[in-house]
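**Student:** Please see the structure below; I have some questions.
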Amino acid sequence: MTAGELRVALVGPGRIATAHLEAIAAAADLATLVSVAGLPHERARTEELATRYGAERADHDAAAVLDADDIDAVVLTVPNHVHATLAAPLLASGKHLLVEKPLATTVADIDLMIDAAERHDRILMAAQCRRFFRGAQVAKERLVELGGPVSLVQLLGVYADGLATDWWRSAADVGGLALGLNGPHVVDTMLWLVGAPPTRVYARTRRLREHWEGEDEAVVVVDFADGSLGTGYLSLNARQPFNDRWIHGPAGSMRLADDRNLWIGGEPVVQEEVRPYLHGDPSFERQFREFADAVITKREPQASAREVRPVTAVLEAALASQRTGGPVELRSEEATA
């Protein structure tokens, strides 16, 4: 396969689909959009997106993509609880996969997905878009300047005015609620930046509103093998949204706000306009180009399934911790890629 020959389908015409379709459209030098696929009751939305983004066709059953021999890769943007159910047969049918976060809601499901990808020699990548903001990338490059171990605190709050989609109602389907929806953002960038295996997780959660079964407030504390400490606070009740991360080490400090704006030692290093990304953003474009290039060049991508596996281990442990009220120790096989 050479550049421009990657033939891609998007399965799942939900809220985040637009950002991924914008990214595919921006990578016309690498990929062609063959299909936008959804369920029969999503026909109008599926056909509208297919037309808007110039797909060769709209499909109204995931089986049409599964059976297609003119599709090389799939961007999977379906509800959290069906990621593994769809991913395994798609990988077995020869499709490379970019899966919207979280990769799956359990480590057991991720292991099934990894096994399918390895048996069929396919690329399996998680769509952890916040890694691909320039501010976050530079923070990762320069974190060594702070020395170690580090203390990292992230605050991430949004306001969810009720159920954006019906499957949010179920804690089991989402993987919690705040933990299942925005926990992957906080935990992934925490683990990615620190770069050491997580060893222990303690979490407390609350539900302040009754729209859903799951938690709408959460605090997660993660211990790392190198002595680093990460703390994440998540809220779905923030009428004034916030996304701020402070990292302190023995040799310095940095602040990363909105994943775009970075200060090191109080000096601005990266400064970019903050805007919503649900309808497209350069971070999604960089993420898709990473996926497409990995497929074309046959290499492991950043945010590969093995690399992000510990993210789900931490989130599973956080759910267990909030049930028991105590910390959860991670076994080495859970904490490593």
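The values are calculated or read from the model by the stated rules, or taken from the named source; none is laboratory data. None of the values given here were measured: they were computed from a predicted structure. Positions of Cβ are backbone-derived with ideal geometry, glycine not excepted, and every protein chain shown enters the neighbour counts. Side chains are part of the model used for accessible areas, which takes the heavy atoms of the whole protein and leaves out ligands, DNA and RNA. Shrake-Rupley method; radii C 1.70, N 1.55, O 1.52, S 1.80 Å.
**Student:** Please compute one quarter of the surface area of the Cα convex hull for the range 1-152 and express it in square nanometres.
**Tutor:** Reported value for the Cα convex hull: 10.7 nm².
**Student:** For the range 135-188, what is the Kirkwood estimate of the hydrodynamic radius, computed as the reciprocal of the mean inverse distance between distinct Cα atoms, to one decimal in Å?
**Tutor:** Value: 13.7 Å, from the Cα pair sum.
**Student:** Give the share of C-alpha pairs in each 5 angstrom bin for the range 47-91, from 0 to the last occupied bin, in whole percents, shortest bins first.
**Tutor:** Values per bin, smallest distances first: 5, 17, 29, 26, 16, 6.
**Student:** Calculate what fraction, in whole %, of the accessible area of the range 207-318 sits on carbon and sulfur atoms when a 1.4 Å probe is rolled over the protein chains.
**Tutor:** 51 percent
**Student:** Amide H neighbours of residue 150 under 5 Å, counting only residues 5+ apart in sequence or on other chains, H built in-plane at 1.01 Å?
**Tutor:** 228, 229
**Student:** How big is the dipole moment of the range 1-111 about its Cα centre under a simple scheme where the beta carbon of each Lys and Arg is +1, that of each Asp and Glu is -1, and everything else is neutral? Debye, nearest 20, please.
**Tutor:** 300 debye
**Student:** Work out from phi, with θ = phi - 60° and the Karplus expression 6.51 cos²θ - 1.76 cosθ + 1.60, the ³J(HN,Hα) of each residue of the range 71-77, listed in order in whole Hz, and give x for Gly and Pro.
**Tutor:** For the range 71-77, the Karplus curve yields 10, 8, 8, 10, 9, 9, 10 Hz.
**Student:** When the dipole is taken about the Cα centre of the range 117-196, and only Lys, Arg (+1) and Asp, Glu (-1) are charged at their Cβ, what size is it in debye, to the nearest 20?
**Tutor:** Its charge dipole is roughly 200 debye.
**Student:** Mind listing which GluC sites (Glu not before Pro) in the range 236-337 are in a DSSP loop and have 12 or fewer other Cβ atoms within 10 Å?
**Tutor:** Taking the range 236-337 and a limit of 12 other Cβ atoms within 10 Å, the loop GluC sites (Glu not before Pro) found are 273.
**Student:** Rounded to whole Å and sorted largest first, list the principal axis extents of the Cα atoms in the chain.
**Tutor:** If we take the Cα atoms of the chain, the spans are 54, 41, 40 Å.
**Student:** Something else: From the helices alone, meaning DSSP H stretches of at least four residues, give me the mean residue ellipticity at 222 nm for the chain, per-run term -39500 (n - 2.57), in deg cm²/dmol to the nearest 500.
**Tutor:** When only DSSP H runs of four or more count, the value is -10000 deg cm²/dmol.
**Student:** Would you work out which of 150, 295, 138 lies farthest towards the positive end of the dipole of the chain, given +1 charges on the beta-carbon of Lys and Arg and -1 on that of Asp and Glu, about the Cα centre?
**Tutor:** Checking the options against the dipole of the chain, the answer is 150.
**Student:** Still on this structure, please answer the following. Please list the three semi-axes, largest first and in whole Å, of the ellipsoid equivalent to the range 76-232, using sqrt of 5 times the eigenvalues of its alpha carbon gyration tensor.
**Tutor:** Working through the eigenvalues yields semi-axes of 26, 23, 14 Å.
**Student:** Build a GNM of the chain with springs between Cα atoms under 10 Å: which of 128, 271, 154 gets the top mean-square fluctuation?
**Tutor:** So, out of 128, 271, 154, the one fluctuating most is 271.
**Student:** Between the range 155-173 and the range 176-249, what's the alpha-carbon centroid distance in Å?
**Tutor:** 15 Å
**Student:** While we're on this one: For the range 170-246, which GluC sites (Glu not before Pro) are in a loop by DSSP, counting at most 15 other Cβ atoms within 10 Å?
**Tutor:** 210, 213
**Student:** Hey, another quick one. Evaluate the relative contact order of the chain (contact order divided by residue number), counting alpha-carbon pairs under 8 angstrom at least 6 apart; express in whole percent.
**Tutor:** Relative contact order for the chain comes out at 21 percent.
**Student:** Can I ask one more? What list of ³J(HN,Hα) couplings, whole Hz, do you get for the range 87-93 from phi and the Karplus terms 6.51, -1.76, 1.60, once you set θ to phi - 60° and write x for glycine and proline?
**Tutor:** With coefficients 6.51, -1.76 and 1.60, one gets 5, 4, x, 5, 5, 5, 7 Hz.
**Student:** Here is a further query. Dipole of the range 53-93 (Lys/Arg Cβ +1, Asp/Glu Cβ -1, origin at the Cα centre): which of 77, 63, 53 lies farthest to the positive side?
**Tutor:** 77
**Student:** Separate question: Excluding same-chain residues fewer than 8 positions from residue 140, which lysines have a Cα within less than 26 Å of its Cα?
**Tutor:** 101, 298
**Student:** OK, next. What are the extents of the Cα atoms of the range 196-337 along their three principal axes, in Å, largest first?
**Tutor:** Ordered largest first, the range 196-337 gives principal extents of 43, 40, 39 Å.
**Student:** Given a Förster radius of 22 Å and the C-beta distance between residue 63 and residue 111 as r, what FRET efficiency does 1/(1 + (r/R0)^6) yield to the nearest 0.05?
**Tutor:** Computed FRET efficiency for residue 63 and residue 111 comes out at 0.35.
**Student:** How far, in nm, would the chain grow between residue 48 and residue 274 when pulled straight, counting 0.36 nm per residue and subtracting the alpha carbon separation?
**Tutor:** Additional length available on full extension: 78.6 nm.
**Student:** Just name one of 88, 264, 162: the one whose Cα is farthest towards the positive end of the charge dipole of the chain (beta-carbon charges, Lys/Arg +1, Asp/Glu -1).
**Tutor:** My answer, from the dipole projection, is 264.
**Student:** Shifting gears a bit: Can you give the accessible area of residue 169 in Å² (nearest 10), computed on protein heavy atoms with a 1.4 Å probe?
**Tutor:** Accessible area, nearest 10 Å²: 120 Å².
**Student:** Given that compact globular proteins tend to follow 2.2 N^0.38 Å, what is the ratio of the alpha-carbon Rg of the range 228-278 to that value?
**Tutor:** 1.30
**Student:** Here's another thing I want to ask about it. Treating only the Cα positions of the range 73-128 as identical point scatterers, give the base-10 log of I(q)/I(0) from the Debye formula at each q in 0.18, 0.25, 0.28 Å⁻¹.
**Tutor:** Debye output, listed in q order: -0.45, -0.92, -1.17.
**Student:** Relative to the present Cα-Cα distance, how much length would full extension add between residue 329 and residue 306 at 0.36 nm per residue of separation?
**Tutor:** 6.3 nm
**Student:** Need the full-extension length gain, residue 82 to residue 246, defined as separation in residues times 0.36 nm minus the C-alpha distance. One decimal, nm.
**Tutor:** Extra length from residue 82 to residue 246 when fully extended: 55.6 nm.
**Student:** Bin by bin, in steps of 10 Å, what percent of the Cα pairs in the range 139-241 do you find, going until the bin that has the longest distance?
**Tutor:** 15, 43, 27, 13, 2
**Student:** Would you mind listing how long the range 97-156 runs along its three principal axes, going by Cα atoms, in whole Å with the largest first?
**Tutor:** Sorted from largest, the Cα extents of the range 97-156 read 41, 22, 21 Å.
**Student:** Each residue of the range 106-118 in order: what ³J(HN,Hα) in whole Hz does its phi give by Karplus 6.51 cos²θ - 1.76 cosθ + 1.60, θ = phi - 60°, with x for Gly and Pro?
**Tutor:** Per residue, the Karplus-derived 3J(HN,Hα) values read 9, 5, 4, 5, 4, 5, 5, 5, 4, 4, 5, 4, 6 Hz.
**Student:** Something else: Near the amide H of residue 280, under 5 Å away, which other amide H atoms are found, from residues 5 or more places off or on another chain, if H is placed in the peptide plane?
**Tutor:** 19
**Student:** Summing +1 for each Lys or Arg and -1 for each Asp or Glu, what net charge is found among the other residues whose Cβ lies under 13 Å from the Cβ of residue 125?
**Tutor:** +3
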